[in-house]
Amino acid sequence: MRRRDFLSASLFGAGALACLPALRRRAHAAPGPSARADRVLILNLTGGIRSSAAVHASADVAYNPWGLMAGVSSPFALGAILDDGGAPASYTLGPAWGGAMVPSLRDSAGAFSVLGTYAMTRGDHLRARIEEPTGSASGGDPGILTRIGAGLAAAQTPTGAPAFHVAPAARFGAGLGPLSTFVPVSLASAASVPSSSSVLPQWVSDTGNGFATDDAMRDRLDLPALADRHAVGRLVTETLAFHRRAARDIGARLAEDDFALATAAQDAATLGEVTLGGVGTPLSNGMLKELFALGAPPQYQGFGRNLALAVRMLQIGSPAIVVETPTFDFHSGERVSGPPLYGYLGRTWAALRWLLASIPSGGGTLLDRTLVVTMSDFGRDKGGPTGYNGGEGTDHGADHGCYYLAHAVMGAGTTPGRLVGPVDTATYDARAEAIRYSPPQLLATLLDALGLDAADDAYGLPTSGGPIQELWS
């Protein structure tokens, strides 16, 4: 008997399968009775977005030199910097989509909500990249993806795949101690999936996930570790720790053609359907790539493929995904370099909402089952009388515009067209507001939306103040 077969027999014979966390399971099930979603998608706007000029925009030039988006009525002001101003042709998809037209952000302004959070500890990148995704300034605390994985395992909630973190930079999965078992699978980009389309094979090996796409590869990965083990109990409990085994197993799924998004070789591969004009159409890799490439500046095409990858992860039942954007940290050159990125963000948000609402899932749509939110390091300071610093950029530090961060929110039954946690956009000083929400409360809300107890000491945030129920009221 091969050592791998012996190990498998030991696992099953000892009844250990019942103890494996839920992320190892392949079958998908509906969320629990208290859940509003069974998936979370986070767009992490790295570097610190100037949310005072984006989704809760100020009329003050110092905070927002681009002005407000005209002709949009909502309780939150959208900044003109998000409006890419594309002609109708630039929103029209090709024959595979039946010539469908993607709505613009101004067309979708009433279809999502904005949540404001405030923390006077914001301002420093290193601290923000720890605190924003973990809820604490301690570098040892687990990130939200780790907390979600542990919570689902504790609840024995089956999922179709583990959590994923695409283009990792922040600490969405970091953590020490027992919860480190549930860290997400990390991918540098769509080129990191272990498929034949990976244009840079070293990206696969550099992820540290130990992907194995067949038994022979698993044997090569397992045998050196097995050689160092002596007791069967130690062999079973330590050799194939959950995260390593889960990553290897999901590697086989990611190696299939419908995840080969890095090149055009498998653009015809399909997974699931999208409803167009009331008719179900197989959703191909090429269609996903076309949607997120539409109107994208050349420098953001890679980010568009990562969004396509995230949709595929949602389709196979991953409970939580973080996709990190190009950086918004424009200390200089923001006047020129900011609008292309902000404009593509606006287009992406509208396209993502339209797509998820068009993919059938569980008697509804993928948007019904997915809570989609943005996160970022912080807001940004005033830019001076002209809206910019001396380098035509903006900074971050000791200003309430930096401490207040507005997040876009949609899906999972959240009430659209709401401004939750508002602030006076003349100052962004939330200390004067009757209700003030914190970053940990946003994380608690993500747990709660998945039907998990945010107050649980083992994986939750019991001191956060609780989830933000106003998003659904």
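The values are calculated or read from the model by the stated rules, or taken from the named source; none is laboratory data. Everything numeric here is computed off the predicted structure, so don't read it as measured data. Cβ coordinates were reconstructed from backbone atoms using ideal geometry, including for glycine residues, and neighbour counts include every protein chain displayed. Accessible surface is based on the protein model in full, side chains and every heavy atom, while ligands, DNA and RNA are left aside. Shrake-Rupley method; radii C 1.70, N 1.55, O 1.52, S 1.80 Å.
Criterion applied to 327, 348, 374 was being open to solvent by 40 Å² or more (accessible area, probe 1.4 Å) and either hydroxyl-bearing (Ser, Thr, Tyr) or part of a helix (DSSP H, G or I) (or both), and the one residue passing it is 327.
Put simply, of 397, 383 the only residue that is touching a residue at least 40 places away in the same chain (Cβ under 8 Å), open to solvent by less than 30 Å² (accessible area, probe 1.4 Å) and on the phi > 0 side of the Ramachandran plot is 397. If we scan the range 298-317, do we find a residue that is under 27 Å from residue 471 (Cα atoms) and in a loop (DSSP other than H, G, I, E, B)? There is at least one residue in the range 298-317 that is under 27 Å from residue 471 (Cα atoms) and in a loop (DSSP other than H, G, I, E, B). Within the range 97-125, residues that are more than 30 Å from residue 432 (Cα to Cα) and of a type in the set (Lys, Arg) reach partners that are in a loop (DSSP other than H, G, I, E, B) and open to solvent by less than 10 Å² (accessible area, probe 1.4 Å) with beta carbons closer than 8 Å, at six or more positions or on different chains, in the pairs 106/78. Selection of the range 330-345 for residues being open to solvent by less than 10 Å² (accessible area, probe 1.4 Å) and not hydroxyl-bearing (Ser, Thr, Tyr) yields 334, 338, 341, 343. Here is the figure for the range 150-181: residues that are within 18 Å of residue 457 (Cα to Cα) and assigned to a loop (DSSP other than H, G, I, E, B) total 6.
Residue 374 meets all of the listed conditions (1) free of Cβ contacts under 8 Å to residues at least 40 places away in the same chain; (2) within 28 Å of residue 126 (Cβ to Cβ) but one, namely (1). Looking at the range 132-160, which of its residues are out of contact with any Phe, Trp or Tyr (no Cβ under 9 Å at 6 or more places or on another chain) and either on the phi < 0 side of the Ramachandran plot or among the basic types (Lys, Arg) (or both)? Selection gives 136, 137, 138, 139, 140, 141, 155, 157, 158, 159, 160.
Considering each residue of the range 211-225 in turn, none proves to be at pLDDT 65 or above, within 17 Å of the chain's Cα centre (by Cα) and surrounded by fewer than 18 Cβ atoms within 10 Å (Cβ to Cβ).
When residue 471 is tested against (1) touching a residue at least 40 places away in the same chain (Cβ under 8 Å); (2) more than 25 Å from residue 47 (Cα to Cα); (3) open to solvent by 10 Å² or more (accessible area, probe 1.4 Å), just one condition goes unmet, and that condition is (3). Among the residues of the range 93-140, write down those that are surrounded by fewer than 21 Cβ atoms within 10 Å (Cβ to Cβ) and of a type in the set (Asp, Glu). 107, 124, listed by residue number. Taking the condition among the polar types (S, T, N, Q) and touching an Asp or Glu at 6+ places or on another chain (Cβ under 8 Å), does residue 195 pass? Yes: the conditions hold for residue 195.
If you check 443, 452, 419, 461 for being surrounded by 16 or more Cβ atoms within 10 Å (Cβ to Cβ) and over 30 Å from residue 381 (Cα atoms), only one passes: 452. From the list 90, 52, the one residue that fits, being modelled with pLDDT of 50 or more, polar (S, T, N, Q) and open to solvent by less than 10 Å² (accessible area, probe 1.4 Å), is 52.
Among the residues of the range 253-283, those identified as outside any loop (DSSP other than H, G, I, E, B), closer than 15 Å to residue 98 by Cα, touching a residue at least 60 places away in the same chain (Cβ under 8 Å) and open to solvent by 20 Å² or more (accessible area, probe 1.4 Å) are 273, 275, 276, 280, 281.
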